[in-house]
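Okay, structure first, notes after.
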Amino acid sequence: MLTVLQKLGWFFRLERKRYAIAVVLLIVSGVLEIVPPMIVGKSIDAIQLDGLTWEKLTTTLLLLVGITAVAYAINYLWQYKLFGGAFVVEKMMRSRLMRHFLKMTPTFYERNRTGDLMALATNDLQAVSQTAGFGILTLLDSTLWMATLLVTMTVFVSWKLTLAAILPLPIMAIMVSLYGKWIHSRFMDAQDAFGRMNDGVLETISGIRVIRAYVQERAAEKRFADVTKDVLNKNLAVVRIDALFEPTMKIVTGASYLIGIGYGAYLVYQSELTIGGLVSFNVYLGMLIWPMFAIGELINIMQRGNASLDRVGATLGYKPDVAEPESPVDVESPGRIEFRNVTFRYPSSPVDNLRDVTIVLEPGMTLGIAGRTGSGKTTLIKQLLREYPPGKGTVAVSGVPIERIAPDRLKSWYGYVPQQHFLFSRTVRANIAFGSRDGAVPDELLDRAIAASALRKDMTFLPEGLETMVGEKGVSLSGGQKQRVSIARALVADPPILMLDDAMSAVDARTEAEIVANIRSARAGKTTLIATHRLSAIQHADWIVVLDEGRIAEQGTHEQLMKLGGWYKEQYDVQQLETKRESESG
């Protein structure tokens, strides 16, 4: 049970001052709460003996009011410190999770559902927060506060009556320990189910257009109903155990009350206890009910927190499969790019996705990458991004293998437009400015990037121009507009190396030609890699490679490849014929 506190030991050490103050004040508050019943008991005995004067009554009332006021102030302070700490640990762990997510490579996201990761950052961290706040409170109340009450009842009232009243407690301890084990395993299952439900919601919202297009609304409803039913059943399994705590506590406390009243009355009859002492004892016994309940709550909260910490810890313990260099080589600026006998296989792939690829790209050159779908074009570009562990061979920039260059330095050289265009739910301006290192872009650079990406003509069709909100993932823009915003985002930082991965597939041939001409003009003297199916986008390239099943099948300039008469020439002729037909029919 206390394992969870050991796992959170780093936080308690970090916030030791906060928790030390909270614990001391909580103890002082507990001691103050013990005094009033003692005063009331003595007053009752004084009434019985006709020894209570008006002066004594006034003093007693003023003392009770003073204790109440002081206890109020102390309770405010310890609650502020204790529950404030709970929010602090939640914030810190959420930040740690986000930093971890940002460091993770695609392999991590292939193995973890988005819904599960969201559940970790919400429900699980709330459970951890409760452990650091309410859990500490119940721990102190079920130990120190209970011990203080028992000592007071034993020393100042009657040790015989106290011993008799706590006889049912061992039964309660056995029961709550058993409940705690059940809670831990069932809560883990409930959190897993919650993660699956999150994932289902995300998929449904993201794919709503496809669902409607294929008239799959009812099927989606049924799938989601099945998922939510599973979540309900898993949570009901937790609640069934959770619901056992209170009845168990009530039975135990009820038994203690019966013993206290019955045996207490006998001790009064035997003159071993005064009436005031019996009243004080029953007040203390009433105060003991919460610590008894606190034991149940403690087990419940600690087990939930432990289960959530295990889930969070397992995620945070996942080591990136692309390690940062221990002693990175300082490369001021990118020069020659070399692929030397590169063979690469994705972690989940049964075959090599690149085989013995060798390319040398001098600074300022444009490399065109062509080939059939699945031939390895995207995989070749991703070798520079270092998203996966390196395969065989060497990928080097300025003569230094990229594994020995600091990732931040390496990626600061790149402008990258992937196949899957992702836009943030912000304005068009904010999405383009995201490509800048500091997020602030002068209007001149912004206009230049918009012009180069052929996006300017679309500004008149956007309701608020650059300030138009694009919606989640750019839902309010067309496919071509999203691609051009992505290209503008990559161009705005004027990167030394630009990588376009089939970045113009959704624009028409005329717009593509305009973008290619703009990029050639704007990026004269800078390195560019363009992977595409449309060969007109790379016919101007300094060097073109044609990939087939991960191997270089053909390479050379456009003119050399046309003379070669292979796949490139056949595909180029077919595409030119299709373009001619489209222009004639248009």
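Every number in this text was worked out from the coordinates using simple rules, so none of it is lab data. What you see is a predicted model; the values in this text were computed from it and never measured. A quick note on method: Cβ atoms are made from the backbone with ideal geometry, for glycine too, and the neighbour counts reach across all protein chains shown.
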If you take every residue apart from residue 93 with its C-beta less than 12 Å away from the C-beta of residue 93, what net charge results, scoring Lys and Arg +1 and Asp and Glu -1?
+4
Treating only the Cα positions of the stretch 397-454 as identical point scatterers, give the base-10 log of I(q)/I(0) from the Debye formula at each q in 0.16, 0.18, 0.25, 0.29 Å⁻¹.
-0.67, -0.79, -1.11, -1.27
Could you please report the charge total around residue 513, scoring K, R as +1 and D, E as -1 over all other residues with beta-carbon less than 11 angstrom from its beta-carbon?
0
How big is the stretch 532-586 by Rg and Dmax over its Cα atoms, in Å?
12.1, 39
Where labels lie 7 Å past Cα in the beta-carbon direction, separation of residue 266 and residue 250 in nm:
2.8 nm
What per residue convex hull volume, in Å³, do the alpha-carbon atoms of the stretch 3-316 yield?
158 Å³
Return P(r) of the stretch 264-376 (all Cα-Cα pairs; 10 Å bins starting at 0; whole %; ordered from short to long distances).
9, 15, 17, 12, 9, 8, 7, 7, 7, 7, 1
Lysine pairs in the stretch 3-316 with Cα atoms under 16 Å, if 8 or more residues apart or on separate chains
4
What percent of all Cα-Cα pairs in the stretch 493-586 falls in each 5 Å bin, counting up from 0?
2, 12, 21, 24, 20, 13, 5, 2, 0
Excluding residues fewer than 8 positions from residue 526 in its own chain, the lysines with Cα under 18 Å of it are 411
Kirkwood hydrodynamic radius, the stretch 90-195, all distinct C-alpha pairs: what's the number in Å?
17.5 Å
Give, in nm to one decimal, the length gained when the segment between residue 506 and residue 324 is fully stretched (0.36 nm per residue of separation minus the Cα-Cα distance).
61.9 nm
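Explain nothing, just the number: relative contact order of the stretch 3-316, from Cα pairs under 8 Å at least 6 residues apart, as a whole percent.
32 percent
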Rounded to one decimal in nm, the spacing of the 7 Å Cα→Cβ label points at residue 154 and residue 17 is 3.7 nm
Below 8 Å between Cα atoms, with a sequence gap of 6+, how large is the relative contact order for the chain in percent?
14 percent
Once residue 32 and residue 240 are pulled to full extension, the length gained, defined as 0.36 nm per residue separation minus their Cα-Cα distance, is 71.1 nm
If N is the residue count of the stretch 331-426, its Cα Rg over 2.2 N^0.38 Å rounds to 1.12
Placing +1 on the Cβ of each Lys and Arg and -1 on the Cβ of each Asp and Glu in the chain, which of 97, 493, 24 has its Cα farthest towards the positive end of the resulting dipole?
24
Obtain the nm distance between the two label points defined at residue 513 and residue 464 by a simple spin-label model: each point lies 7 Å from its Cα along the Cα-to-C-beta direction.
3.7 nm
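Using helices alone, what [θ] at 222 nm do you get for the chain, with -39,500 (n - 2.57) per DSSP H run of 4 or more residues, divided over all residues and rounded to the nearest 500?
-20500 deg cm²/dmol
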Compute the projected area of the convex hull of the Cα atoms of the chain, averaged over all viewing directions, and report it in nm² to one decimal place.
37.5 nm²
Once amide H atoms are placed 1.01 Å from N in the peptide plane, what residues at a sequence separation of 5 or more from residue 529, or on another chain, have their amide H within under 5 Å of its amide H?
367, 498, 499, 500
Calculated on alpha-carbon atoms, Rg and Dmax of the stretch 392-543 in Å:
15.6, 51
Quotient of Cα Rg and 2.2 N^0.38 Å for the stretch 175-260, N being how many residues it contains
1.70
Compute the angle between helix 217-269 and the longest alpha-carbon principal axis of the chain, please, reported from 0 to 90 degrees and rounded to the nearest 10.
20 degrees
Candidate aspartates and glutamates - alpha carbon under 15 Å from residue 319, same-chain residues fewer than 8 apart omitted:
110, 387
Starting from 0.36 nm per residue, how many nanometres of slack lie between residue 472 and residue 373 once their C-alpha separation is accounted for?
32.8 nm
How large is the charge dipole for the stretch 3-316, taken about the Cα centre, if only the Cβ atoms of Lys, Arg (+1) and Asp, Glu (-1) carry charge, to the nearest 20 debye?
1200 debye
